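Heads up: the structure comes next, in structure tokens.
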Amino acid sequence: MKYRVVSVLKDNRPRFLIISDVEEMAILPSKYLKHLDQINASPNTVKSTAFALSYYYNFLQEQTIGLDEVTLLSYSEQNKHFIDFLYWVKDGKHTEHNTQTSNKTCNMYLGAVFRYYQFLALEDVLPMLKVLRVKKVSYFDSMGVNHQNAVNSFKGFLREEEPNLEEITSEEIQALINACTNDRDRLLIAMMAETGLRLGEILGIHYTEDIDFERRTVRVRYRETNTNLARAKNAEYRIALLSNTTFEFLVKYISENRKSLMDSEYLFTKLTGKNKGEPLDADSVYSMLKRLSKKTDINSHPHQLRHYFAEERRKEGWDLNDIRFALGHKKVETTIKYLGENNERLIEATDQYYSNNEDLYQIADFL
């Protein structure tokens with residue numbers, strides 16, 4: 001018996017379920033997916049969780065063990081069980097092609113499985129896993145102050161690969177735009193580079209509601225109903241300004257494609273094929289960038305264009321908090337990591353700050 005994921009459309013939104021080959025509903029995982037949907041988890045989160053749970057159920061079947069039996073294992077046996085699952089996924093045994101999976105993806109799948117177990121424990125279906133029981137750790141800092149931290153007892157996650165922060169240049173972006181075969185793709189790349197918006201935010205733009213033609217701005221709006229699964233992260237609403245040239249190009253694009261856009265509220269739609277006129281989705285964008293890579297020998301992805309936006313603003317002297325807000329990060333620490341700021345660069349920046357703002361608090365009076 002094989003567990004697999006299916007999706008159905010309900011209220012114009014995809015709903016994900018897990019079924020088995022014998023057409024019996026997998027009640028518990030599908031109930032959990034419904035719960036995620038009810039608490040407004042993003043469609044991509046629900047989708048990735050569905051696949052993670054289907055893989056885990058297939059792993060359980062191979063291991064001839066059930067969910068309830070896993071919870072009865074000893075602490076060390078549970079650790080081994082979940083580490084075995086990580087390496088089972090790592091070796092690609094969850095797919096028909098046996099292709100290796102990145103450590104980050106393996107960890108993501110296991111994280112989804114752990115959240116599922118926690119849900120079942122809160123529902124009083126199963127006891128809490130021993131490896132997930134929170135431990136209170138008490139320690140004293142250098143000043144003698146006592147601190148308490150809650151730590152997770154599972155330490156078996158795989159060491160994640162360093163993210164590839166290879167930068168893309170303005171010349172390479174220009175080359176990609178020149179290699180495009182249509183204005184939609186040209187506009188999409190230009191807007192990602194100029195606004196720093198996430199791909200999901202760009203694809204969720206409704207040209208009838210989200211564009212201010214007087215101020216040359218586009219607005220990010222949080223919507224749950226986008227059929228292409230595009231969604232603003234963190235339920236955000238914010239505005240991005242376009243350059244005069246790019247905005248003129250946007251107006252030209254809307255004007256020349258008004259007939260095809262009349263049947264859609266989305267700025268970016270599919271141009272050909274049986275799905276012509278439907279909102280563009282992330283898979284289509286990645287396929288487009290892959291085609292451009294073959295034509296230009298420039299490997300690009302949407303995150304590179306966000307990095308480009310952030311780096312260009314940093315070079316122009318933008319404050320980190322301004323960059324953080326523009327990128328839609330909740331914490332400035334995320335922005336620092338996103339920029340690839342290392343300790344030496346931060347020390348230099350801090351030293352320059354102190355040079356420009358010497359003795360802000362008149363501490364010299366006490367020397």
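Applying the criterion of at least 2 residues that are farther than 24 Å from Ser7 by Cα and either touching a residue at least 24 places away in the same chain (Cβ under 8 Å) or among the aliphatic types (A, V, I, L, M) (or both) to the helices (runs of 4 or more DSSP H) found wholly in the stretch 28-124 leaves 67-72, 75-90, 103-122.
Residues that are outside any helix (DSSP H, G or I), among the charged types (D, E, K, R) and more than 23 Å from Leu199 (Cβ to Cβ) were ranked within the stretch 310-355; the one that is modelled with the lowest pLDDT is Glu341. When the residues of the stretch 34-62 are filtered to those that are among the charged types (D, E, K, R) and over 20 Å from His94 (Cβ atoms), which remaining residue is nearest to the chain's Cα centre (by Cα)? Of everything passing the filter in the stretch 34-62, Asp37 is nearest to the chain's Cα centre (by Cα). Of the residues making up the stretch 19-37, those that are at pLDDT 75 or above and of a type outside the set (Ser, Thr, Tyr) are Ile19, Ile27, Leu28, Pro29, Lys31, Leu33, Lys34, His35, Leu36, Asp37. Taking the conditions exactly as written (at negative phi and within 18 Å of the chain's Cα centre (by Cα)), does Ala112 satisfy them or not? Against the criterion (at negative phi and within 18 Å of the chain's Cα centre (by Cα)), Ala112 qualifies. When every residue of the stretch 144-163 is checked against the conditions, at least one turns out to be modelled with pLDDT of 85 or more, of a type in the set (A, V, I, L, M, F, W, C) and either within 30 Å of Cys106 (Cα to Cα) or in the same structural domain as Pro29 (by TED's automatic domain parsing) (or both). If you check Ser300 against the conditions, is it under 16 Å from Leu188 (Cα atoms) and in a loop (DSSP other than H, G, I, E, B)? For Ser300, the condition - under 16 Å from Leu188 (Cα atoms) and in a loop (DSSP other than H, G, I, E, B) - is met.
The values are calculated or read from the model by the stated rules, or taken from the named source; none is laboratory data. Because the structure is predicted, anything quoted here is derived from the model rather than measured. Every residue, glycine among them, receives a Cβ derived from its backbone with ideal geometry; neighbour counts consider all protein chains shown.
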